[in-house]
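A short write-up of the structure that comes next.
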Amino acid sequence: MRTCYCLSFLFWTCMLHVVHMTPSPKRTIKYSQKGRILGFSQDDGKTLHRSKRGWMWNQFFLLEEYTGPDTQYVGKLHTDQDKGDGNLKYILTGDGAGSLFIIDENTGDIHAAKKLDREEKSLYVLRAKAIDRKTGRQVEPESEFIIKIHDINDNEPKFTKDMYTASVPEMSGVGTSVIQVTATDADDANYGNSAKVVYSILQGQPYFSVDPETGIIKTALPDMSRENREQYQVVIQAKDMGGQMGGLSGTTTVNITLTDVNDNPPRFPQSTYQFSSPESASLGTPLGRIKANDLDVGENAEIEYSISKGEGSDMFDIITDKDTQEGIITIKKQLDFENKMLYSLRVEAANTHPDPRFFHLGPFKDTALIKVSVEDIDEPPVFSRSSYIIEVDEDSKEGTIIGQVIAQDPDTTKNAIKYSVDRHTDLDRIFNIYSGNGSIFISKLLDREENPWHNITVIATEINNPKQSSQIPVFIRILDINDHAPEFAKYYETFVCENAKAGQLVQTVSAVDKDEPPRGHKFFFELVPEFAVHPNFSVVDNKDNTAGILTRRNGYSRSKMSTYLLPVLIFDNDYPIQSSTGTLTIRVCACDSRGNMQSCNAEALLLSAGLSTGALIAILLCIIILLVLVVLFAALKRQRKKEPLIISKDDVRDNIVTYNDEGGGEEDTQAFDIGTLRNPEAREESKMRRDVIPETIFQIRRTAPLWENIDVQDFIQRRLKENDLDPTAPPYDSLATYAYEGNDSIANSLSSLESLTMDGNQDYDYLSDWGPRFKKLADMYGGDDSDRD
């Protein structure tokens, strides 16, 4: 059945226009009961037969924007199984079913409930089915049909822009394309002429025209000049229905500008210009401006000015002001009234961007005559040079003449000149000048190292007219002489290891000299004569203005000499030879096997730590905070309220007294005093209270004195017995612990307690036989050399 429907749909799609043109008072969809199931017959498995379909479909068409009083009738659904007894029910589903399209479930009539707009939706796809009311089953499978909306001319053409802007070069030929305008119509272009747009011009003739089909605007007059009229406003109309009467239309405005082309040459408004200039005018001084007029604009009006070859071309110059397009006449060489009083120049103005298309209009340049008159003035003195450079030795004596400046009056009167030094440029009055002849001499001694150059200004003034003066810079260079001795480049302080070998490099030193010899510095290093053969160190000149300090013997001792001061003689090779003595400080320090310094003395250790002031302050603050915390803790402990000794009968406390004192070694004689165990009278006498907890963990009870020097084991046994028999023992449990090492160790006692009773040095060689675990002790105590070290 689906295959039959598809073939029928294609058929009715092809018959769309035929059906539409055939008037029918009632559109009905019929169905035939015969052949609802496709039949297949086998003929070698290759022949397929299609049975006759029951539904008879057609496409429905509706007009948009229907304004009639009743709902618009669409068509009717019908099947041959409908006997007219009302047993069948027609159901419509799909686009707009129930809202836009309503079906009579008894008769199958379809109506449009609302006004439709093709521009919103032009095609609706619906599905129809017939159901038996009694059984609720479909008598036929659901099928699909289409409702198309026919267009009416209800939309006017609209341009893509409300206003267009375009330009076209002036002097363009007829038919030159300017711009294309486009209008669109929302109506159906496939149905009638509702969307067929035709363009026409309402305003802008006879200058422009428009193509009725494409909307291209073109020029209609030749040689339109921008200089005559630049702006044009053109109104274009777009009308549908092919431009026929009754069609809808829309308009747009096109603003067209004629762009400039270089069709006008520059022209001077006058043929002759006159200027004047004083002879004293400086080079580059502008004398005046001239301008050639050009009716064009932009780069087409750009002008380049030039002076033609001939009189005055070497004395004057002309430059173009790009902003104003004016020519500026300037002085190229110094003017002299006594030499020439009048100049005549020929100036040319030409376009920089000529257009070859318009060469027939004439040459795009123009010329004018420029006359410049020179005015005579009283000129100031003129020096023979623009500047002076003078060299003088720094050891020159006061009053030595170092150079001379010369100036003269350029006027015909040749007035006398006097010279002076501008003291603002020589505040220290180091130099002076003879006012009559311009000779410069020294007033104070010179020092090149302090100031190698002096820049002064000399003033020349006419005696008869002091207002006429000129000045010139004089650069004085001070030449160096060897008057400074070389010295160490910096303060050298180094160290030598105690285990240093002979010939080992300790420090490399270099020198500097304030002088600047022409051939460069050359320094020599050696020990001062009284230390020519130094027993500890030697100086080796590296021949590159540096020297190396070497050791002369093996080993140094801090205990004998912690610091060496080594005087080194430094001299140069200039004339006269200058020399000085520099002292090198060498400290003796302990180093590791790689030669890295470990310690020199207390001061060296502090320096090596490298602690900054901020780090030392931070450490000090930490110590102060710890001390404050200890004091606060002790104060709080003293203020703590004492509690009763026995709170309940089940409260039992064990007191453990632990001694964890260790000896400090063989050399420690203050770490532990056994006399305290043998002198009970030296202990603090106190009796324990039974109603409060003791403030101290353990208090020693006073017993009978033991004056005799007894063995420690016997002493401990006697104390244990006394503690067990003491009737004044507290009611709580206490534990007194006494420890005794004994004397059964094969190594005997290693404690420092007995060190005081032994005379002379002990023999610890047996430690080497105890294995690798006692190797460190064997190295420390195993030899006489270790003790001496």
As I understand it, the dipole of region 454-525 uses +1 on the Cβ of Lys and Arg and -1 on the Cβ of Asp and Glu, about the Cα centre. Which of His521, Gly503, Ser470 lies farthest toward its positive end?
Ser470
Amide H of Gln468 versus every other amide H placed in the peptide plane: which residues, excluding those fewer than 5 positions away on the same chain, fall under 5 Å?
Glu462
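If you roll a 1.4 angstrom probe over the protein chains with everything in place, what fraction of the accessible area of region 127-260 belongs to carbon and sulfur, to the nearest %? Walk me through the numbers on the way to the answer.
Details: 3100 of 6880 Å².
Roughly 45 percent of what the probe reaches on region 127-260 is carbon or sulfur.
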Phi-based couplings in Hz for region 523-530 (Karplus 6.51, -1.76, 1.60; Gly and Pro marked x)
10, 10, 10, 6, 6, 4, x, 5
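Using a cut-off of 15 Å between beta-carbons, work out the net charge of the residues near Asp85 (Lys and Arg +1, Asp and Glu -1, Asp85 not included). Walk me through the numbers before you get to the answer.
Numbers: positive: Lys83, Lys89, Arg133, Lys134; negative: Asp80, Asp82, Glu105, Asp132.
So the environment of Asp85 carries a net charge of 0.
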Dipole axis of region 255-356 (+1 Lys, Arg; -1 Asp, Glu on Cβ), positive-most option in Leu342, His353, Gln274:
Leu342
Ranking request for peptides 125-138, 404-417: highest mean number of other beta-carbon atoms within 10 Å first, then the rest in descending order.
404-417, 125-138
Could you give the alpha-carbon Rg of region 165-232 over 2.2 N^0.38 Å, rounded to two decimals?
1.36
What's the carbon and sulfur percent of region 297-444's accessible surface, probe 1.4 angstrom, rounded to a whole number?
49
How large is the charge dipole for region 360-423, taken about the Cα centre, if only the Cβ atoms of Lys, Arg (+1) and Asp, Glu (-1) carry charge, to the nearest 20 debye?
340
Considering the Cα trace of region 406-447, what is its radius of gyration and what is Dmax, both in angstroms?
13.2, 44
Sticking with the crude label model, points 7 Å out along Cα→Cβ, report the distance from Thr176 to Gln138 in nm, one decimal please.
7.1
Name the residues whose placed amide hydrogens come within less than 5 Å of the amide hydrogen of Lys522, ignoring near sequence neighbours (fewer than 5 apart) on the same chain.
Asn573
Taking θ as phi - 60°, what are the ³J(HN,Hα) couplings along region 482-496 by the Karplus curve (6.51, -1.76, 1.60), each to the nearest whole Hz, with x for Gly and Pro?
7, 10, 10, 8, x, 8, 4, 5, 7, 7, 9, 9, 10, 9, 10
Label-point separation in nm, Thr71 to Glu722, each point 7 Å along Cα→Cβ
12.9
Relative to a virtual label point 7 Å from the Cα of Gln598 in the Cα→beta-carbon direction, which members of region 499-532 show backbone nitrogen distances below 19 Å?
499-501
Round to the nearest 10 and report in Å² the accessible area of Tyr66, as given by a 1.4 Å probe over the protein chains' heavy atoms.
90
How large is the charge dipole for region 253-362, taken about the Cα centre, if only the Cβ atoms of Lys, Arg (+1) and Asp, Glu (-1) carry charge, to the nearest 20 debye?
240
Could you list the residues of region 484-527 with an amide nitrogen less than 13 Å from a label point located 7 Å from the Cα of Asp541 in the Cα-to-C-beta direction?
522-527
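Can you tell me the dipole magnitude for region 75-215 around its Cα centre, using point charges on the Cβ only (Lys, Arg +1; Asp, Glu -1), in Debye to the nearest 20? Walk me through the numbers on the way to the answer.
Values: 16 positive and 24 negative charges, 102 e Å.
In total the dipole reaches around 480 debye.
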Tally Lys and Arg at +1 and Asp and Glu at -1 over the other residues with C-beta under 15 Å from the C-beta of Pro567: what net charge comes out?
-4
Under 5 Å between amide H atoms, partner at least 5 residues away or on a different chain: which partners does Gln72 have, H built in plane at 1.01 Å?
Ala112
Beta carbons within 10 angstrom, averaged per residue: use that to sort the peptides 470-480, 423-433, highest first.
470-480, 423-433
In Å², rounded to a whole number, the accessible area per residue of region 98-201 with probe 1.4 Å is 52
Which value in nm describes the separation of the simple spin-label points at Asp80 and Tyr434, placed 7 Å from the Cα toward the beta carbon?
14.8
Vicinal HN-Hα couplings computed from phi for region 118-129 (Karplus, 6.51 cos²θ - 1.76 cosθ + 1.60; Hz; Gly/Pro x)
5, 5, 7, 7, 9, 9, 10, 10, 10, 10, 10, 8
Solvent-accessible area of Ile617, probe 1.4 Å, all protein chains present, reported in Å² to the nearest ten, please.
90
Run the 1.4 Å probe and let me know the accessible area of Lys239, rounded to the nearest 10 Å².
50
Quick one: give the max-minus-min coordinate of the C-alpha atoms of region 121-248 along each principal axis, largest first, in Å.
92, 26, 20
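Provide the per residue accessible area, probe 1.4 Å, for region 453-514, rounded to a whole number of square angstrom. If you can, show how the numbers build up before the last one.
Details: 3250 Å² over 62 residues.
Ligands and nucleic acids excluded, the figure is 52 Å² per residue.
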How much length, in nm to one decimal, is gained on full extension between Leu621 and Asp769, taken as 0.36 nm per residue of separation minus their Cα-Cα distance?
48.2 nm
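Using a Förster distance of 51 Å, how high is the FRET efficiency between Asp117 and Glu230, based on the Cβ-Cβ distance and rounded to 0.05? Please report the intermediate quantities before stating the final value.
Details: r = 46 Å, r/R0 = 0.91.
For Asp117 and Glu230, the calculated efficiency is 0.65.
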Taking a probe of 1.4 Å and leaving out DNA, RNA and ligands, region 225-279 shows per residue an accessible area in Å² of 45
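The values are calculated or read from the model by the stated rules, or taken from the named source; none is laboratory data. Because the structure is a prediction, the values reported are computed rather than measured. Neighbour counts are summed over all protein chains in view; Cβ atoms, including those assigned to glycine, are modelled from backbone coordinates with ideal geometry. We work out accessible area using only protein heavy atoms, side chains counted, and drop any ligands, DNA or RNA first. Shrake-Rupley method; radii C 1.70, N 1.55, O 1.52, S 1.80 Å.
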